[in-house]
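Take a look at the structure below.
The values are calculated or read from the model by the stated rules, or taken from the named source; none is laboratory data. Note that the structure is predicted; figures quoted are calculated from it, not measured. Cβ: placed from backbone, ideal geometry, glycine included. Neighbour counts: every protein chain shown. For accessibility, only protein heavy atoms count, side chains too; no ligands or nucleic acids. Shrake-Rupley method; radii C 1.70, N 1.55, O 1.52, S 1.80 Å.
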Amino acid sequence: MMFSAMRHSLSAITAVTLLAFAAATLAAESDKSPRLSTPLAPTVNSAPITYLPPLKVDAPKAELGKRIFFDPRLSGEGRRACVDCHRPEQGYSLASDISPGSVAGGGFRNIPSLINTAHKRHWGMDGRHESLTAMIEEMFTSAYTMGMDPLLMSERMNQDPDYPRLFSEAGFANTDAANAYAAVEDYLKMLTSKNAPVDTGMLSEAARRGKTLFEGKAGCIRCHHGAMLSDGDFHALGVAENPRIMDQAANRQALMAHAAALGRSADPDTPQDLGRYWISGAPEDMGAFATPSLRELSKTGPYMHNGAFDTLAEVVEFYYFGGGNRGNRDPLLRPLDLDLQEINDLIAFLDALTGRDLSSGRYVWDAGYPAEYPTLRYWDHRAVSKPQP
Ligand code: HEC
Ligand code: HEC
């Protein structure tokens, strides 16, 4: 049902009506799935939900990183920038179930928000990178995102009339790809959530009740806790595969290529995104993904690693039934004993996790780029390192 034609028109209200219908169905079949009779207590290590402290930012590097993040010349075919997939007004994510991929290729994962990403401990939905720099490098060089070669990138930046001066003013010795990754990292450090109702204490009555449910009876806090609302761990929820990945050859190809790059193979007839398993090889990690931060949710739909759900009501419906019907679902998930009012309260709390917009000129590069400039004398990567005459 989640991927039927209907999903695009499903408003929060019809989803909640659906939930009421589902609740009746579930009650009728209650002997099939054990319902939760006693409230779930938070686990001992559930950290309280607090605000996120701003990170220390090197301002000239961040300003340079901003220019780079918005610059389409720094992709292989010269027409795509980071911002094309991570859009400021969409919480630095994209309103599409799965990533568009490069011109020739496809995509197979939802595009995550970059707000607060610099606060994480590992990156990628399977946690494949332990450093943010490595993730940024992958985004520039990978065929399914920017398809850029680091040497060509250095050359393009050196050719621009402004980059060499900006790199030097930011304290970098060279105008090259590695320093560009570092500058983008400083830019991403600027993107920290601010002034969400959950931080300012300006919660509506419904959101306040929702918070109590989130931390108690609904058990969400067991995995979504602390300032990031994430335990930084991996769990299998049993989210169904997105048929658009199976049905479209380019998307399927991108998934297979990702598995291959991690030294694994996906069955070409029924390719499944095994997530963390492709990194750890541990059977319990089959289909497990990193617990995402829940901050900025109102702007970052669709949700889950493959964009399975368009609305927060659909996500809550999924949890209401205790997650998906797949093998090794995390034992922390169980059908929830919530009535309609409580479901709406929970959604109101999820909506209260979104802070101030980060799409003003402070965060967005709107000065454009020079259109015409002379070519470099040594326009050849074997020659750029030669001393200039
Ligand atoms: C074609 C779309 C696309 C483009 C262009 C793109 N990204 Fe991404 N980005 C994604 C997708 C999809 C993911 C999730 C990948 C995964 O988890 O496997 C992602 C993940 C990330 C993450 C990790 C977020 C997290 O919390 O784990 C960072 C950081 C990031 N991108 C930065 C960038 C930067 C910087 C650029 C420009 C160099 C860029 N992206 C360009 C699609 C894109
Ligand atoms: C067992 C740990 C666990 C519990 C308990 C849990 N979650 Fe999650 N949550 C996750 C993981 C892991 C994901 C990502 C799954 C994926 O991408 O396929 C996720 C994803 C989400 C998302 C989508 C976020 C996004 O950006 O795509 C929302 C919203 C969410 N959870 C809300 C809740 C709520 C509300 C509850 C309580 C009813 C809850 N979660 C309980 C682990 C958990």
- Task: Would you mention how many residues in the range 140-160 are touching a residue at least 12 places away in the same chain (Cβ under 8 Å), near ligand 1 (Cβ under 10 Å from one of its atoms), within 30 Å of Pro374 (Cβ to Cβ) and open to solvent by 30 Å² or more (accessible area, probe 1.4 Å)?
- Result: 1
- Item | Residue pairs meeting the criteria (Cβ under 6 Å; at least 6 apart or on separate chains; first under 15 Å from Leu346 (Cβ atoms), in the range 314-334; second more than 9 Å from ligand 2 (Cβ to nearest atom) and assigned to a helix (DSSP H, G or I)) | Glu314/Ala15; Val316/Ile343; Glu317/Leu19
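A quick yes/no check of all residues on (1) without any contact (Cβ under 8 Å) to a residue 24 or more places away in the chain; (2) over 12 Å from the mean Cα position of the chain (by Cα); (3) over 20 Å from Asn242 (Cβ atoms):
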site: Ser75; (1), (2), (3): no, yes, yes
site: Asp84; (1), (2), (3): yes, yes, yes
site: Pro88; (1), (2), (3): no, yes, yes
site: Gly91; (1), (2), (3): no, no, yes
site: Ala95; (1), (2), (3): no, no, no
site: Gly105; (1), (2), (3): no, yes, no
site: Phe108; (1), (2), (3): no, yes, no
- Pairing a residue in the range 285-299 that is of a type in the set (Val, Ile, Thr) with any residue that is within 9 Å of ligand 2 (Cβ to nearest atom) and assigned to a loop (DSSP other than H, G, I, E, B), where Cβ atoms lie under 8 Å and the two sit 6 or more apart in sequence or on different chains, gives Thr291/Cys223; Thr291/His224; Thr291/Ser230; Thr291/Asp231; Thr291/Asp233
- Query: For residues in the range 87-96 being open to solvent by 20 Å² or more (accessible area, probe 1.4 Å) and in a loop (DSSP other than H, G, I, E, B), which is nearest to ligand 1 (Cβ to nearest atom)?
  - Reply: Leu94
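Considering each of Glu205, Glu215 in turn, give the residue that is crowded, with 17+ Cβ neighbours inside 10 Å and over 19 Å from the mean Cα position of the chain (by Cα).
Matching residue, one of Glu205, Glu215: Glu215.
Residues are listed down the side, and each one gets a yes or a no for (1) within 16 Å of ligand 2 (Cβ to nearest atom); (2) within 29 Å of Ala282 (Cα to Cα); (3) not in a strand (DSSP E or B):
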site	(1), (2), (3)
Ile98	yes, yes, yes
Gly107	yes, yes, yes
Ser113	yes, yes, yes
Gly127	yes, yes, yes
Met135	no, yes, yes
Tyr144	no, yes, yes
Ser154	no, no, yes
- Note on the structure: Counted residues in the range 270-299 being in contact with a helix residue (DSSP H, G or I) (Cβ under 7 Å, 6 or more places away or on another chain), in a loop (DSSP other than H, G, I, E, B) and near ligand 2 (Cβ under 7 Å from one of its atoms) come to 1
- Among the residues listed as Ala240, Ala250, Ala173, the single one being of a type in the set (A, V, I, L, M), part of a loop (DSSP other than H, G, I, E, B) and touching a Gly at 6+ places or on another chain (Cβ under 8 Å): Ala240
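What residue, of Ala182, Ala206, is under 19 Å from Lys120 (Cβ atoms) and either in contact (Cβ under 8 Å) with a residue 12 or more places away in the chain or part of a helix (DSSP H, G or I) (or both)?
Every option except Ala182 fails the conditions.
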- Message: Tally up the residues in the range 185-197 that are assigned to a helix (DSSP H, G or I) and basic (Lys, Arg), please.
- Response: 1
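Of all residues in the range 161-181, which are of a type in the set (A, V, I, L, M, F, W, C) and surrounded by fewer than 19 Cβ atoms within 10 Å (Cβ to Cβ)? Full working, then the answer.
First, the residues of the range 161-181 that are of a type in the set (A, V, I, L, M, F, W, C): 166-167, 170, 172-173, 177-178, 180.
Passing the criteria: Ala173, Ala178.
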